Amino acid sequence: MSWFKRDKPNGEGLPKVEDNEKRVRTEGLWQKCEGCRQIIWKKDLEANSSVCPKCNHHFRIDAETRLRLLFDGDFETFDDALATSDPLRFVDKQPYSDKLRATQSATNRKDALVAAAGGLDGREVEICAMEYAFIGGSMGSVVGEKIARAIDRCLRNKTPLIIVSASGGARMQEGAVSLMQMAKISAGLMRLDEAKLPYISVLTDPTTGGVTASYAMLGDLNIAEPNALIGFAGPRVIEQTIRKSLPEGFQRSEFLLKHGMLDAVVSRLEMKQYIAAALKFFA
Ligand SMILES: [Zn+2]
């Protein structure tokens with residue numbers, strides 16, 4: 001196989017063959033690209049901000065990695081301990097409280113968003129990054145409250161706001177409480193607008209449902225990573241409703257840009273410089 005011959009210093013990371021089992025141990029070192037199906041050296045992928053060096057496929061990244069890519073250096077996080085009270089005592093296949101506990105211990109987060117402040121190209125900014133691994137990055141009361149508090153800090157400190165979305169939409173387990181976050185955040189964003197403070201929305205794969213229907217599309221600039229799935233309802237629901245088949249590439253960044261729903265499609269490798277230039281322009 002071709003990847004076996006990859007030239008790496010000292011043979012580091014080359015698959016090791018166990019004598020007795022003849023089993024090739026490659027776990028954790030290589031990653032198959034969903035875009036081009038090629039096997040990529042994981043360190044190459046990480047060094048390239050988790051963008052495939054061969055086909056430009058943007059892998060999903062967690063909130064922490066996202067913040068490290070955007071901030072100049074250290075940053076301060078806020079409201080890390082904020083957790084939902086499960087207001088509806090919701091139970092589906094399992095109690096929501098059990099699901100929360102399991103997800104919290106698996107992700108080491110209390111909910112699906114990290115709110116942080118720090119420097120971006122020398123300018124103080126607030127960045128909220130969504131954590132897709134936490135129940136599909138769903139927006140419940142905690143996500144809403146953390147963004148609302150980030151907006152308050154922006155107003156107090158006169159800093160711009162950037163929200164990086166990665167979300168399946170509103171969190172069903174919190175019912176109407178999660179839907180109310182859409183109005184709460186939208187009202188907060190209007191106050192930012194009145195204070196003439198910029199808000200940049202970055203949409204990543206996937207950004208859907210109530211998040212698209214509220215803050216993800218309310219930026220002074222709405223910019224997306226390449227080929228991100230962006231929409232409100234899923235394609236199957238739409239096809240069943242309008243009884244027509246949907247065009248190729250429907251609900252992907254490039255399609256939305258072409259149809260005037262986005263301001264730009266920006267590679268993750270250029271995202272920081274792009275945001276820095278935009279903030280300079282707004283200032
Ligand atoms: Zn690829």
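The values are calculated or read from the model by the stated rules, or taken from the named source; none is laboratory data. Keep in mind the model is a prediction, meaning the values are calculated, not measured. All Cβ positions, glycine included, derive from the backbone under ideal geometry; neighbour counts span all protein chains shown.
Observations, loosely collected:
- When the residues of the stretch 34-66 are filtered to those that are of a type in the set (S, T, Y) and in contact (Cβ under 8 Å) with a residue 40 or more places away in the chain, the one that is farthest from L229 (Cα to Cα) is S49.
- Looking only at the stretch 48-60, and only at residues there that are surrounded by fewer than 18 Cβ atoms within 10 Å (Cβ to Cβ) and within 13 Å of the ligand (Cβ to nearest atom), the one that is farthest from the chain's Cα centre (by Cα): K54
- Checking the stated criteria, T241 turns out to be over 18 Å from I127 (Cβ atoms) and surrounded by fewer than 17 Cβ atoms within 10 Å (Cβ to Cβ).
- Meets criteria (away from the ligand (no atom under 16 Å from the Cβ) and surrounded by 14 or more Cβ atoms within 10 Å (Cβ to Cβ)) for L45: no
- Condition check for V125: surrounded by 17 or more Cβ atoms within 10 Å (Cβ to Cβ), in contact (Cβ under 8 Å) with a residue 60 or more places away in the chain and part of a strand (DSSP E or B): yes
- Subset of the stretch 208-237 [among the β-branched types (V, I, T) and modelled with pLDDT under 95]: V237
- All positions within the stretch 253-270 that are over 15 Å from N56 (Cα atoms) and surrounded by 14 or more Cβ atoms within 10 Å (Cβ to Cβ): F255, L256, L257, M261, L262, D263
- Enumeration of residues in the stretch 193-225 that are without any contact (Cβ under 8 Å) to a residue 60 or more places away in the chain and closer than 17 Å to F281 by Cβ: D193, K196, L197, Y199, S201, G219, L221, N222, I223
- Positions within the stretch 149-182 being of a type in the set (G, A, S) and either crowded, with 18+ Cβ neighbours inside 10 Å or without any contact (Cβ under 8 Å) to a residue 12 or more places away in the chain (or both), in sequence order: A150, S165, A166, S167, G168, G169, A170, A176, S178
- Residues within the stretch 140-177 that are in a strand (DSSP E or B), in contact with a Gly (Cβ under 6 Å, 6 or more places away or on another chain) and of a type in the set (A, V, I, L, M, F, W, C), tallied: 2
- Single residue of the stretch 61-78 satisfying the filter (crowded, with 16+ Cβ neighbours inside 10 Å and part of a loop (DSSP other than H, G, I, E, B)) that is nearest to the ligand (Cβ to nearest atom): I61
- Total residues in the stretch 237-282, condition under 30 Å from L197 (Cβ atoms), in a loop (DSSP other than H, G, I, E, B) and among the polar types (S, T, N, Q): 1
- Residues of the stretch 183-198 satisfying the condition of being buried (at least 21 other Cβ atoms within 10 Å of the Cβ) and within 25 Å of A133 (Cβ to Cβ): I185
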